[in-house]
Amino acid sequence: MTETIRNRISESGIINIDISDFMPKNKAKGIDLKDWLVDDLIIRERDFKEKLKCFDFESFRSTNVFIYCSVDVIIPVWAYLLLQVKLNKLAEFIFFGTKNEMNLCLFQKSVESGLKTSEFKNKRVFIKGCGDPSLQLGFYSIVSQKLTPIVKSLFYGEACSNVPLIKNM
């Protein structure tokens, strides 16, 4: 008599969440304001506006744009805003900060709109953790914070190897 192989994991009702499903899909491009400095020290309005006239904004069409400065200088807020005004009709999303900061913001927006909490109420949920090592720690925090109050139990990892995080009664 042959014994039927059972998949106890699929029978247990466990739900897996893959963090990468909520990652920004559009290409990201940055503008480093270091390249707009005069004498590597300051932004001068007249020079900045001249550079704006010659800048190729078309290359930012349908991208997520992060505007930052890679050197430690004070950048006036108007410089960021002038760039944003030029990019508003082209770019998908514009963020003042680093690429990682922008991705964290976009990830949170994606989780808020795409993670339907009703599907996870009183369920056993695994936050997939054995995948992409480039995923930011903050991504896990955002998902965990959203799920913690509603799930029956929350785990990090895979069904074969996991760490229990919480168990709600």
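Quick notes on this one:
- Average accessible surface area per residue within the stretch 1-99, 1.4 Å rolling probe, Å²: 69 Å²
- Å² of accessible area per residue within the stretch 111-167, as computed with a 1.4 Å probe and no ligands counted: 58 Å²
- Principal axis analysis of the Cα atoms in the stretch 66-169 yields extents of 52, 27, 21 Å, listed in decreasing size.
- Size of charge dipole - the stretch 80-169 - debye, nearest 20, with Cβ of Lys, Arg +1 and Asp, Glu -1, no other charges: 300 debye
- Backbone phi angles across the stretch 68-78, fed through the Karplus curve with coefficients 6.51, -1.76 and 1.60 (θ = phi - 60°), yield HN-Hα couplings of 8, 10, 7, 10, 8, 9, 8, 10, x, 4, 4 Hz in residue order; Gly and Pro are listed as x.
- Taking the chain and dividing mean pair separation by its residue count, relative contact order in percent (alpha carbons under 8 Å, at least six apart): 25 percent
- Across the stretch 46-120, C-alpha contacts under 8 Å between residues 6 or more apart give a mean separation that, scaled by the residue count, equals a relative contact order of 35 percent.
- Magnitude of the charge dipole, the stretch 1-126, Cβ model with Lys/Arg +1 and Asp/Glu -1, debye to 20: 480 debye
- Degrees, to the nearest 10: 99-114 long Cα axis against longest axis of the chain: 50 degrees
- Greater than 22 Å apart at Cα, pairs in K49/K89; K49/K99; K27/K51; K99/K121; K29/K86; K25/K167: K49/K99; K27/K51; K99/K121; K25/K167
- D_trans [Stokes-Einstein, Kirkwood Rh over alpha-carbon pairs] for the stretch 1-127, 20 °C, 1.002 mPa s, µm² s⁻¹: 119 µm²/s
- For the chain, a Gaussian network of Cα nodes joined below 10 Å ranks P76, P24, P149 by mean-square fluctuation, and the top entry is P76.
- Principal axis box of the stretch 85-126, alpha-carbon based, largest edge first, Å: 47, 20, 10
- Accessible-area composition of the stretch 32-169, carbon plus sulfur, in percent [1.4 Å probe]: 52 percent
- Seen against the Cα atoms of the chain and their longest principal axis, helix 45-54 is set at about 70 degrees.
- Here the contact order of the stretch 1-99, divided by its residue count and restricted to Cα pairs under 8 Å and six or more residues apart, works out to 31 percent.
- Dividing the helix sum by the residues of the chain, where each DSSP H run of 4 or more adds -39500 (n - 2.57), gives a mean residue ellipticity at 222 nm of -9000 deg cm²/dmol.
The values are calculated or read from the model by the stated rules, or taken from the named source; none is laboratory data. Predicted, not measured: the structure shown is a model, and the values here were computed from it. Glycine also receives a Cβ, built like all others from the backbone with ideal geometry; neighbour counts cover every protein chain displayed. Surface areas here come from the heavy atoms of the whole protein model, side chains and all, with no ligands, DNA or RNA. Shrake-Rupley method; radii C 1.70, N 1.55, O 1.52, S 1.80 Å.
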